[in-house]
Amino acid sequence: MSLFQKLAQALKKTRSIFAGAISAENIEELEQALLQADVGFQSTEHIIEQLKKSKADKHEYKQQLNQILHQILTNQSLKTQASQKPCIIMIVGTPGSGKTTTIAKLSFLFSEQGKKVIISASDTYRAAAATQLGIWAERVGVQIVYSEKGQDAGAVAYDAIQKAISNNSDIVLIDTAGRLHTRKDLMQEAQKIKRVCQKFRTDAPDQIWLILDATVGQNGIQQAKTFNQELNLTGVIITKLDGTAKGGVIIPIVRELNLPIHYLGLGESAQDLEPFDAEKYIQALLE
Ligand SMILES: Nc1nc2c(ncn2[C@@H]2O[C@H](COP(=O)(O)OP(=O)(O)OP(=O)(O)O)[C@@H](O)[C@H]2O)c(=O)[nH]1
Ligand SMILES: [Mg+2]
């Protein structure tokens, strides 16, 4: 399957919501479809307003919608990748959102690109987490640094970065424990990991990516807002897009949070990660 076919397959349920509405006689039906696909109230209102303003004939809804979505999704303010080595990427998110799996996918992708990757197993809460990551690392063939003698998350990250510097690695991927955005103490722990990275370089970590489970739909917006306030994110990865009917959630994330989406998770294996492409996403959503 090509990457696009995979994406189109993943968005099948969301697309079916739009299929009827786009050819519908009235704008209300389209509005319902947007809400049903988890585009959210604010962004739906914005889109419908734009659509009305365009004075599009009902035959032109699809084309207009395509243009409006394009405007929203290509307006992403991308923070540039670090020019310095190693590029330090911290992965955060709520429990079970797909952080560890995404780390595995990213290490696979970066390795394929010829980059030398080190994983920091900084989820020191869940006993099975390091084992899970170790299995992935072995499968993908990348190095991993574990917590020794009860080291905390920050200390593991410190060791991993130090190792990356000494063996000239390109990328450090820091896996972290799942934390609810409402838990202040856990947010502070994440900030501590961030400060550890800053000991090496004031502009580190180069990236802090939030892993957002698409199946939680609108709740994801609040999660992203809080994580962003606490940690100053540089982007989002949407996971579990395969099979959900809430594939529209990407739109409010970009529009209301002004955070770029970097990748989409489309399954459970190491290959199921796709760089986000607004054009392809809209096409998979509407056609
Ligand atoms: N279908 C699907 N499943 C996914 C995807 N990403 C992750 N999963 C599954 O989601 C479950 C949780 O994934 P993990 O990677 O362990 O999530 P986590 O965020 O590390 O979880 P904690 O460390 O417990 O917070 C696993 O069963 C994964 O296989 C995806 O893109 N699609
Ligand atoms: Mg995990």
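The values are calculated or read from the model by the stated rules, or taken from the named source; none is laboratory data. Bear in mind the structure is a predicted one, so any value in this text is a computation, not a measurement. Cβ sites come from the backbone with ideal geometry, for glycine too, and all protein chains shown count toward neighbours. These area figures cover heavy atoms from the full protein model, side chains too; ligands, DNA and RNA do not enter into them. Shrake-Rupley method; radii C 1.70, N 1.55, O 1.52, S 1.80 Å.
Below are the figures for this structure:
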quantity	calculated
Complete set of residues in the stretch 194-247 that are in a helix (DSSP H, G or I) and touching a Gly at 6+ places or on another chain (Cβ under 6 Å)	196
Selected residue (criterion: nearest to residue 215 (Cα to Cα)) from residues of the stretch 30-46 that are open to solvent by 10 Å² or more (accessible area, probe 1.4 Å) and in contact with a helix residue (DSSP H, G or I) (Cβ under 8 Å, 6 or more places away or on another chain)	38
Any strands (runs of 3 or more DSSP E) falling wholly within the stretch 54-150 and containing at least 3 residues that are open to solvent by less than 40 Å² (accessible area, probe 1.4 Å) and touching a strand residue (DSSP E or B) at 6+ places or on another chain (Cβ under 6 Å)	87-92, 117-122
Condition check for residue 18: in contact (Cβ under 8 Å) with a residue 12 or more places away in the chain and open to solvent by 10 Å² or more (accessible area, probe 1.4 Å)	no
Out of 233, 186, sole residue that is open to solvent by less than 10 Å² (accessible area, probe 1.4 Å) and among the hydrophobic types (A, V, I, L, M, F, W, C)	233
Selection from the stretch 143-153 of residues that are under 18 Å from residue 86 (Cα atoms) and either modelled with pLDDT under 95 or polar (S, T, N, Q) (or both)	143
